[in-house]
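Beneath this line is the structure, given in C-alpha cells, with notes to follow.
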There are 2 protein chains.
Amino acid sequence: MARKPKNTFSVDHIAGGGLVDRCRLLGGGLTLGAGMAASGIAMTGPTHADAALSEWVTQAGETVRGYGVPAPEEGYVQRALIRPYGDLAPGYSFSGTPLQYLRGSITPNGLHFEVHHGGRPLLDAYDHRLMIHGLVDRPLQFDAAALERYPMVSNVHFLECAGNSGRNASENGPPQITIDQLHGLVSNAEWTGVPLNLLLDEAGVRPEGKWVIAIGDDGPGMARSIPIEKMMGDGILALYQNGERLRPEQGYPMRLLLPGYEGNMNVKWVTSLFVTGSPAHTKSESGEYSELLADGQTAQFTFGMGVKSLITHPSALMTMQGPGFYEISELAWSGAGRIARVEVSADGGQSWADAELAGPVLSRAVTRFRIPWVWDGTPTDLVSRATDETGAVQPTRTAWKAKYAPSNFLHYNAIQPWRITAQGEVENVYL
Amino acid sequence: MARKPKNTFSVDHIAGGGLVDRCRLLGGGLTLGAGMAASGIAMTGPTHADAALSEWVTQAGETVRGYGVPAPEEGYVQRALIRPYGDLAPGYSFSGTPLQYLRGSITPNGLHFEVHHGGRPLLDAYDHRLMIHGLVDRPLQFDAAALERYPMVSNVHFLECAGNSGRNASENGPPQITIDQLHGLVSNAEWTGVPLNLLLDEAGVRPEGKWVIAIGDDGPGMARSIPIEKMMGDGILALYQNGERLRPEQGYPMRLLLPGYEGNMNVKWVTSLFVTGSPAHTKSESGEYSELLADGQTAQFTFGMGVKSLITHPSALMTMQGPGFYEISELAWSGAGRIARVEVSADGGQSWADAELAGPVLSRAVTRFRIPWVWDGTPTDLVSRATDETGAVQPTRTAWKAKYAPSNFLHYNAIQPWRITAQGEVENVYL
C-alpha cells in the first residue's frame with residue numbers, strides 16, 4: 001500500500017471493522033480535510049520557488065517514439081511466471097496478471113494472463129486461415145485481411161482460466177502466495193471482432209449442425225466442442241484486443257471469444273470450426289477441464305464461469321502501513337451476466353456493507369468495486385461477496401468444497417478472506 | 001482494408017450511396033449467407049485433415065513472458081512521428097495514434113498520442129512530489145506512494161490536443177496524408193486516480209481561491225490556469241492508464257485528467273497546484289493555445305473540446321479492394337458529454353443514415369460507431385456528422401472557418417469528408 005503511516009479519524013461507520021460510506025465521502029458529506037487520510041505531508045521547509053532546478057528541466061527531454069513501454073521504475077510490474085517451461089512439461093506454461101499492482105478494470109495488453117498448453121506457436125500469421133466446414137452448405141476459409149471487410153463488434157469481457165484460484169481448493173493450505181500467483185489467471189479487455197453468426201451464416205449451417213469443434217493451430221491442437229447456440233449468440237471471432245491487433249499470447253491473428261465461458265474454450269490461434277451434430281469429447285473437455293463431483297460423477301458441459309469477487313488492495317503478503325484510512329479495492333465478475341452487488345465485511349463476515357461500483361457495469365466483464373475503510377490496528381478479516389444479476393451469490397469455501405470431490409480445483413469461485421494481523425501483515429485464510 | 005475483392009449484392013438501403021441497416025444485418029433480418037460479403041474463399045482443395053503438419057505444431061512453442069509485446073507482423077503499427085526533434089525546435093515533439101490500424105474504442109498504452117513541449121523529462125519518479133499550495137489553509141505535498149491509500153475513481157475519457165486536425169484549417173489543402181498524421185492527436189483510455197477535490201479539501205482551499213495554476217515538471221514547466229470548479233468537479237489526479245501505472249509519455253508518475261478539456265491542460269508530470277484568485281495567463285494559455293477569431297479578438301478560456309467524429313475505415317490514402325460490401329467504422333467524442341448520434345452520408349451529404357453505436361456510450365469518451373455499406377464502384381464522398389447530448393452538432397468546414405481568423409488552426413472539429421475515386425483511392429477533400 002502506501003509508504004507513509006498516518007493518523008486515524010472519526011466518522012460514522014456503515015458496518016463493523018471500520019467500513020465508511022463512500023458516497024458521503026466523495027460527495028463532500030465528509031472531507032479528508034481534517035487529516036482523515038492525511039497522507040499529504042505539511043510543507044514547512046522551502047517551497048519549490050526556492051529550490052534549485054532539477055537537472056531534467058535544464059535540458060530538452062526525450063523525443064517521441066513509435067511504440068511506448070512502461071517507465072523503468074515500473075519494471076517489477078510483470079506477469080507472474082506461475083508455470084514456466086520445465087515445471088510440469090514442455091509446452092505447458094502459465095503466467096498471471098499482477099492484480100496487486102493494477103487499478104481500474106482494463107488489463108493492459110502486456111499483462112493479460114497466458115495459459116499455453118503447447119507453448120505459444122511461432123505460426124505464419126500471413127498464411128493463417130480459419131476454415132468453417134463440416135455440416136455446412138459452403139465450406140469456407142478466411143484470412144485476417146479478408147475479415148477486415150466484415151461488420152465488427154466491440155465489447156469488454158473478462159477471460160478466466162477454469163483453473164484460476166484452484167490452489168485455494170487444497171487442504172494443504174491456505175497458500176501464502178501473492179494474488180497474481182493465486183488468482184492471476186483472469187484478465188479483462190475490450191475485444192473487437194466479427195460476430196461468429198455472420199461467418200457461420202455465410203457458410204450455411206445445416207439443421208443437423210448442433211455443435212462446433214473449434215481447433216487452435218498450436219502443438220496440442222487445443223480443441224473444444226461449443227454449442228451452436230453460443231457460437232450464433234454472442235460468440236465473436238476476435239481480431240483486436242484493447243484497440244490493437246491481438247497479442248501473440250492471446251491468439252494472434254484470431255481467436256474465439258465466448259463471453260463468460262472458461263478460458264480454454266476461447267480457442268486461440270483458431271484455425272478450424274468444424275460443425276457437427278454432437279460434441280467431440282476431446283481430451284481438453286473429457287479430461288483436463290472436467291470437474292469430479294462429490295458424488296463421484298463428472299460434471300459435463302460446465303462452460304460458464306461462476307460469480308466471483310476478489311479484494312486486490314489489500315491482498316496477501318502486502319504489509320499495512322499502520323492504522324488509519326485505506327480504500328479497499330476489489331474486482332468482481334460473472335460468466336452469467338452483470339455484477340449486481342458486492343458486499344464487503346471488515347469483521348470476518350459478521351457485518352456487511354455494499355461497496356460502490358466503478359461504472360459502467362458490463363455483462364461478463366470485470367467491474368472494479370471500492371469501499372473506504374479505517375483500520376484500527378487490531379487483527380481482522382476482510383471478505384468480499386459478489387452477487388450477479390441472475391441472483392447467483394458467491395459461495396463460501398465450505399459450500400463450494402461440498403459440491404466437489406476433494407481433488408477438484410476447477411471453477412473455484414469461493415469468497416477469499418484476507419487476514420490482517422496486528423503487525424499489519426496480510427495473510428490468506430480459509431474461513 | 002481487405003486483400004480480397006468481392007461481389008456486390010442487393011439489399012434494402014437506408015440512405016443513398018449504399019448504406020445498409022446494421023440492426024437488420026446483425027439481427028439476422030439479413031444474412032451474409034448469399035455471398036453478401038463473401039470474403040470467405042470456397043474450400044475446393046484438400047481440407048486440413050489432408051495437409052502436412054506445419055512446423056510449429058510439431059514442436060513446443062514459446063514459454064510465457066513477463067510483459068508482452070505485439071506480434072512482429074504488426075511492427076508497422078506505430079505512432080506517427082508527426083513532429084520529431086529537429087523539425088521545429090528541440091523539445092517540441094508530437095506523435096499520433098495510428099487510428100487507421102485500430103478498432104474498438106480503447107487506445108492501447110503503447111500507442112497513446114504524445115505532445116511534448118520540452119521533450120519527455122527523465123525525472124526522478126521516486127522523488128517526485130505534488131505540492132498543493134497558495135490560497136490554502138494547509139500547504140501539502142504528496143508522492144505517488146502516499147496517494148495509494150486514497151479513494152480512487154476509474155473512468156474512460158478521451159484526450160485530444162487542441163491542435164489536432166488543424167492542418168485541415170489550411171487553405172493550402174486539403175492535405176493528402178494518413179489519418180494518424182492528420183487526426184492522430186486523440187486517444188482514449190481508462191484513467192484511474194484520486195479525485196482532486198479530496199486533495200484540495202485536505203489542503204483547505206480558502207474562499208478567495210478561484211483558480212489553480214497547474215505546473216508540470218518538464219523543461220518548459222508547462223503551466224495552465226484551471227477554474228477551481230473543474231478541479232473540484234470531475235478533475236482527477238491520474239496515476240493509472242488502462243489499469244497499469246501511467247506511461248512516461250503520459251505524465252508518469254502523475255498527471256491531471258480534466259475530462260473534456262484540451263490536452264495540454266491535463267498537465268503531465270504535474271508537480272505544483274498553486275491556488276490563486278485569478279488566472280496566471282501563462283505562455284501556453286495566452287499565446288500557444290488561444291484562438292484568434294474572425295473579428296480580430298482572441299478567444300479566452302476555450303477549455304472544452306468540441307463535438308467531433310471521424311471515419312477511420314476507410315480513410316485517407318487507403319485503397320478500396322473493389323466494389324461490394326464494407327463496414328464504415330468511425331470514432332466520435334465530445335468534450336461536453338456523451339455522443340447522442342452519428343450520422344453518415346455516402347453521397348457527400350445529400351442523404352444521411354444513423355450509424356450504430358458500440359456501447360457503452362460514456363461521457364467525454366471516444367465511442368465507436370459503425371454502419372454497413374455497399375460500394376458500387378463509382379466515385380462518392382463519405383461524411384460523418386456527430387451530435388452530442390447537449391445538442392451541439394459538428395460543423396461543416398465552412399461554418400467552422402467563418403468563426404475564426406484565417407490563421408487559426410486550434411479546436412478544429414469540422415466534419416471530415418473522404419472522397420472515394422473510381423479507382424478506389426481514398427482522398428481528403430474539403431466540401
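The values are calculated or read from the model by the stated rules, or taken from the named source; none is laboratory data. Since this is a predicted model, take the numbers as computed values, not measurements. Reconstructed Cβ throughout: ideal geometry from the backbone, glycine too, with neighbour counts over all protein chains shown.
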- Does any residue in the stretch A:114-141 that is on the phi > 0 side of the Ramachandran plot come within less than 6 Å, Cβ to Cβ, of a residue that is buried (at least 20 other Cβ atoms within 10 Å of the Cβ) six or more places away or on a different chain, and which pairs are these? A:Gly119/A:Gly91; A:Gly119/B:Ala60; A:Gly119/B:Gly61; A:Gly134/A:Phe274; A:Gly134/A:Val275
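Suppose we keep only residues that are among the small types (Gly, Ala, Ser) and touching a Ser or Thr at 6+ places or on another chain (Cβ under 9 Å) within the stretch A:304-325. Which one would you say is surrounded by the fewest Cβ atoms within 10 Å (Cβ to Cβ)? Before the answer, list the steps.
Initial filter on the stretch A:304-325 (among the small types (Gly, Ala, Ser)): A:304, A:306, A:309, A:315-316, A:322, A:324.
Then keep just the ones that are touching a Ser or Thr at 6+ places or on another chain (Cβ under 9 Å); that gives A:304, A:306, A:309, A:315-316, A:324.
On the way: A:Gly304: 19, A:Gly306: 21, A:Ser309: 28, A:Ser315: 22, A:Ala316: 24, A:Gly324: 25.
Among residues in the stretch A:304-325 that are among the small types (Gly, Ala, Ser) and touching a Ser or Thr at 6+ places or on another chain (Cβ under 9 Å), the one surrounded by the fewest Cβ atoms within 10 Å (Cβ to Cβ) is A:Gly304.
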- For the stretch A:128-157, name all the residues that are over 26 Å from A:Ser93 (Cα atoms) and in a loop (DSSP other than H, G, I, E, B). A:Leu135, A:Asp137, A:Arg138, A:Pro139, A:Asp143, A:Glu148, A:Arg149, A:Tyr150, A:Pro151, A:Met152
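Please tell me if B:Pro207 is farther than 27 Å from B:Phe409 by Cβ and part of a loop (DSSP other than H, G, I, E, B).
On the way: farther than 27 Å from B:Phe409 by Cβ: yes; part of a loop (DSSP other than H, G, I, E, B): yes.
Here the answer is yes, as B:Pro207 does meet what is asked.
What residue, of B:Thr319, B:Thr312, is within 14 Å of another protein chain (Cβ to nearest Cβ) and in contact with a helix residue (DSSP H, G or I) (Cβ under 7 Å, 6 or more places away or on another chain)? Let's see the steps before the verdict.
Values: B:Thr319 fails: in contact with a helix residue (DSSP H, G or I) (Cβ under 7 Å, 6 or more places away or on another chain).
One residue alone meets the criteria, B:Thr312.
Within the stretch A:214-221, does at least one residue satisfy the condition of being on the phi < 0 side of the Ramachandran plot, among the β-branched types (Val, Ile, Thr) and within 12 Å of chain B (Cβ to nearest Cβ)? Even if it seems obvious, please write down each step before you answer.
Step one: list which residues in the stretch A:214-221 are on the phi < 0 side of the Ramachandran plot, which gives A:214-220.
Those left that are additionally among the β-branched types (Val, Ile, Thr): A:215.
Now narrow it down to the ones that are within 12 Å of chain B (Cβ to nearest Cβ): A:215.
Among the residues of the stretch A:214-221, at least one is on the phi < 0 side of the Ramachandran plot, among the β-branched types (Val, Ile, Thr) and within 12 Å of chain B (Cβ to nearest Cβ), which makes the answer yes.
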- Given (1) under 23 Å from the mean Cα position of the chain (by Cα); (2) more than 7 Å from every other protein chain (Cβ to nearest Cβ); (3) more than 25 Å from A:Val374 (Cα to Cα), where does B:Gly193 come up short, assuming only one miss? (3)
- Within the stretch B:136-147, identify whether any single residue is touching a His at 6+ places or on another chain (Cβ under 8 Å) and closer than 24 Å to B:Gly306 by Cα, and answer yes or no. no
- Which listed residue, of A:Gly209, A:Gly277, A:Gly216, is assigned by TED's automatic domain parsing to the domain that holds A:Leu147 and either within 25 Å of the chain's Cα centre (by Cα) or of a type in the set (A, V, I, L, M, F, W, C) (or both): A:Gly216
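Would you point out which residue out of B:Gly118, B:Gly66 is at pLDDT below 95 and at the interface with chain A (Cβ under 7 Å from one of its Cβ atoms)?
Values: B:Gly66 fails: at pLDDT below 95.
Exactly one of B:Gly118, B:Gly66 is at pLDDT below 95 and at the interface with chain A (Cβ under 7 Å from one of its Cβ atoms), namely B:Gly118.
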- Selection count where residues are small (Gly, Ala, Ser) and either within 14 Å of chain B (Cβ to nearest Cβ) or over 24 Å from the mean Cα position of the chain (by Cα) (or both), scope the stretch A:133-169: 5
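Kindly indicate whether any position in the stretch A:208-221 is basic (Lys, Arg) and surrounded by fewer than 24 Cβ atoms within 10 Å (Cβ to Cβ).
Filtering the stretch A:208-221 down to residues basic (Lys, Arg) leaves A:210.
Then keep just the ones that are surrounded by fewer than 24 Cβ atoms within 10 Å (Cβ to Cβ); that gives A:210.
So far as the stretch A:208-221 goes, yes, one or more of its residues are basic (Lys, Arg) and surrounded by fewer than 24 Cβ atoms within 10 Å (Cβ to Cβ).
Within the stretch A:208-263, can you find the residues that are of a type in the set (Phe, Trp, Tyr) and more than 30 Å from B:His112 (Cβ to Cβ)? Give the steps one after another, and end with the answer.
Looking only at the stretch A:208-263, we keep the residues that are of a type in the set (Phe, Trp, Tyr), and these are A:211, A:240, A:252, A:261.
A:Trp211, A:Tyr261, listed by residue number.
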- Query: Within the set of pairs 6+ apart or on separate chains, which have a first residue in the stretch A:373-393 that is at positive phi, a second that is assigned to a strand (DSSP E or B) and buried (at least 16 other Cβ atoms within 10 Å of the Cβ), and C-beta atoms under 8 Å apart?
  - Reply: A:Gly391/A:Ala340
- Message: Take the conditions in contact with a helix residue (DSSP H, G or I) (Cβ under 6 Å, 6 or more places away or on another chain) and either buried (at least 21 other Cβ atoms within 10 Å of the Cβ) or acidic (Asp, Glu) (or both) and apply them to A:Ile132. Does it pass?
- Response: yes
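What residue, among those in the stretch A:78-99 that are surrounded by fewer than 21 Cβ atoms within 10 Å (Cβ to Cβ) and at pLDDT 95 or above, is nearest to the other protein chains (Cβ to nearest Cβ)?
Taking the stretch A:78-99 first, the residues surrounded by fewer than 21 Cβ atoms within 10 Å (Cβ to Cβ) are A:78, A:81, A:83-92.
Keeping just the survivors that are at pLDDT 95 or above gives A:78, A:81.
On the way: A:Gln78: 3, A:Leu81: 6 Å.
Out of the qualifying residues, it is A:Gln78.
Of all residues in the stretch A:55-77, which are of a type in the set (D, E, K, R) and crowded, with 19+ Cβ neighbours inside 10 Å? Give the derivation first.
Taking the stretch A:55-77 first, the residues of a type in the set (D, E, K, R) are A:55, A:62, A:65, A:73-74.
Selection gives A:Glu74 alone.
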- Query: In the list A:Gln350, A:Gln321, A:Gln394, which residue meets the criterion of being over 20 Å from B:Asn155 (Cα atoms), at pLDDT below 95 and not assigned by TED's automatic domain parsing to the domain that holds A:His281?
  - Reply: A:Gln321
- Within the stretch A:279-296, which residues are over 24 Å from A:Arg129 (Cα atoms), in a loop (DSSP other than H, G, I, E, B) and of a type in the set (S, T, N, Q)? A:Ser290
- Taking the stretch A:257-276 as the region of interest, how many residues are over 13 Å from A:Glu160 (Cα atoms), touching a Phe, Trp or Tyr at 6+ places or on another chain (Cβ under 8 Å) and not in a loop (DSSP other than H, G, I, E, B)? 2
- Query: Do we find a residue being more than 26 Å from A:His183 (Cβ to Cβ) and at pLDDT below 95 anywhere in the stretch A:215-233?
  - Reply: yes
- Message: Can you tell me which condition B:Arg338 does not meet? The list is (1) touching a residue at least 60 places away in the same chain (Cβ under 8 Å); (2) within 14 Å of chain A (Cβ to nearest Cβ), and all the others hold.
- Response: (1)
- Query: For the stretch A:356-366, does any single residue satisfy the condition of being in contact (Cβ under 8 Å) with a residue 24 or more places away in the chain and closer than 21 Å to A:Val429 by Cα?
  - Reply: no
- Message: Can you tell me which of (1) farther than 22 Å from B:Glu262 by Cβ; (2) at pLDDT 95 or above is the one B:Leu362 doesn't meet?
- Response: (1)
